[in-house]
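Quick note: the coordinates plus some simple rules give every number you see, no bench work behind them. Not measured: the values here are computed from a predicted model. Here the Cβ positions follow ideal geometry from the backbone for every residue, glycine too, while neighbour counts run over all protein chains shown.
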Amino acid sequence: MGKSLSEKLNEVGLKIPHILFPKEGINLTKFACIATDQYTQDLSYWERVKKFVGDEPSTYNLIYPEAYLERDLISSGNNFEDVLNKKIASINENMDKYLSSGIYEDIGECFIFVERKARTVNRRGLIVAIDLEKYDYNEGAKSLIRATERTVKERLVVRKQIREKASLDIPHILVLINDPDDKLFKKVESIKFSTFFRMTGESKNDILYDFDLMEDSGYIKGYRIADKNDIEELADILLDLKNNSNDGMLYAVGDGNHSLASAKDIYEKTGRGRFALVELVNIHDDGLAFYPIHRLLINVDRKDFISKTGVDPDNPPPLQDLQKILDDYGCKIDYIHGKEECINLGKKEGNIAITYDKFSYETLFDDVIKHGSLCRKSFSMGEAKDKRFYLEAQKII
């Protein structure tokens, strides 16, 4: 007897999630909000989002943008813990309210095929739930799912505090698969395509959403994939990729390493949320753009920095070497996704911008296997506006 669908999914570390989606009539352009770790030095972006959303339902009310986190840390001083606790309580209360009032509705068990068109990307993704028991973010891990960057424990603290009592899991995590022949997404495309040629009966793969994203971030379209035969074909492809993978590594966390690490820690602490929502993306997708993440040094004397490190900010050493130098130097660093944004911020007195032109993604899986992980914030996929927006959700149980 062959393996069941659940057995196949278990082998590739997946589960079909119960997807929660905003009820009909909600303005999705206002509801979907960009990842919380974007525009960390641009409060004006988040203030525009706040004004645009107004009093309408939005995932903006379910997150703590890091730009505000840093501002609150500075402005509240010794009262920061109180400010933080109130903010986290508000986020968790809003999640509960969005569930109890029906703002989020359960649309059943399904994967979602995502087409994201933005300024610099035309990305395809598949929303699934991955098994945190098959994920290890520690260096040298031999797990099915591995981190691509070193985890900084300090960056988990607030994320874990929010996650511990959260009722909703809302993904901004992009997880990479190494599929050079694009087998998975060719199959996903054929599933989508066949939808439009079914002559009778109800479509089993519905167009779930199609709308413009806020702040000139392009548009997004999602297709519901609920048919178990379709999902089993996808599971078979992933099984084949696993069987042919190097060192048993099927997935590499692309964006959201620290968010997934926080989910892992909270699952181990509480037993809640074993399966986390993520978007799978093929590292070889033609629409997937890899960029280095730039370094903004804050409150640093340029002459002192150059004298003590020997680093020319305009001609820096390779990023993996630079990060070690910066760690030894001990300055405050912000990690900026947009090169132009970093350069502009570097013009402020006391700031130094260190930027890179490209990141070579072709050897990423091999590099993670060989080195354990890259330095934190080595790369991003797409510019800031191209990042994943919070939209779909699942209950944390």
With +1 on each Lys and Arg Cβ and -1 on each Asp and Glu Cβ, how big is the dipole of the chain about its Cα centre, in debye rounded to the nearest 20? 460 debye
Compute the distance from the alpha-carbon center of segment 113-142 to that of segment 1-42, in whole Å. 10 Å
Just want the ordering: 275, 305, from fewest to most Cβ atoms lying within 10 Å of their own Cβ. 305, 275
In whole percents, the bins of 5 Å from zero upward hold the Cα-Cα pairs of segment 290-360 as 3, 17, 31, 29, 15, 4, 0
If one puts a single equal scatterer on every Cα of segment 1-154 and applies the Debye formula without solvent, what log₁₀ I(q)/I(0) results at q = 0.13, 0.19, 0.20 Å⁻¹? -0.91, -1.41, -1.41
For the chain, count all C-alpha to C-alpha pairs, find those more than 35 Å apart, and express that count as a whole percent of the total. 25 percent
From DSSP H assignment alone, runs of 4+ in the chain each adding -39500 (n - 2.57), the sum over residues rounded to the nearest 500 puts [θ] at 222 nm at -10500 deg cm²/dmol
To make sure I understand, if each residue's beta carbon is the centre and we count other beta carbons within 10 Å, what order do 368, 157, 300 fall in, fewest to most? 157, 300, 368
Only sites in a loop by DSSP and with at most 15 other Cβ atoms within 10 Å count here; which trypsin sites (Lys or Arg not before Pro) in segment 307-397 make the cut? 347, 348, 358
If a helix is a whole DSSP H run, which ones in the chain reach 18 Å or further along their own axis (Cα) and hold a mean Kyte-Doolittle hydropathy of at least -1.0? 80-100, 183-195, 228-243, 257-270
Just report the Cα centroid separation between segment 258-323 and segment 83-110, whole Å. 29 Å
Mind listing which GluC sites (Glu not before Pro) in segment 43-105 are in a DSSP loop and have 14 or fewer other Cβ atoms within 10 Å? none
Distant-in-sequence amide H partners of residue 207 (H built 1.01 Å from N, under 5 Å): 224
Using +1 at the Cβ of each Lys and Arg and -1 at the Cβ of each Asp and Glu in the chain, identify which of 319, 110, 61 lies farthest towards the dipole's positive end. 61
Where the convex hull is taken over the Cα atoms of segment 279-397, what is its projected area averaged over directions, in nm²? 9.9 nm²
Under 8 Å for C-alpha pairs, at least 6 residues apart: give me the relative contact order for segment 290-360, rounded to a whole percent. 58 percent
Would you mind ranking 150, 123, 48 by Cβ crowding within 10 Å, fewest neighbours first? 48, 150, 123
Can you pull the percent of Cα pairs in segment 135-279 with separation above 19 Å? 64 percent
If you restrict to DSSP beta bridges whose two residues both lie in the chain, what percentage is antiparallel, to the nearest 5? 85 percent
What is the set of long-range amide H partners of residue 149 at a cut-off below 5 Å, with H atoms built 1.01 Å from backbone N? 374
Top positive-direction residue, dipole computed over the chain with Cβ charges, set 256, 168, 360: 168
Expressed as a rounded percentage, what relative contact order does segment 1-146 have, with Cα pairs under 8 Å and six or more residues apart? 31 percent
Just to be sure I understand: with springs between alpha-carbon atoms less than 10 Å apart, which residue in 248, 54, 338 has the highest mean-square fluctuation in the Gaussian network model of the chain? 54
With +1 on each Lys and Arg Cβ and -1 on each Asp and Glu Cβ, how big is the dipole of segment 290-360 about its Cα centre, in debye rounded to the nearest 20? 60 debye
If each K or R counts +1 and each D or E counts -1, the residues other than residue 237 whose Cβ falls under 12 Å of its Cβ total -3
With a cut-off of 8 Å between alpha carbons and a minimum separation of six or more residues, what is the relative contact order of the chain in percent? 26 percent
For residue 181 and residue 81 in the same chain, what is the full-extension length gain: residue separation times 0.36 nm, less their Cα-Cα distance, in nm? 31.0 nm
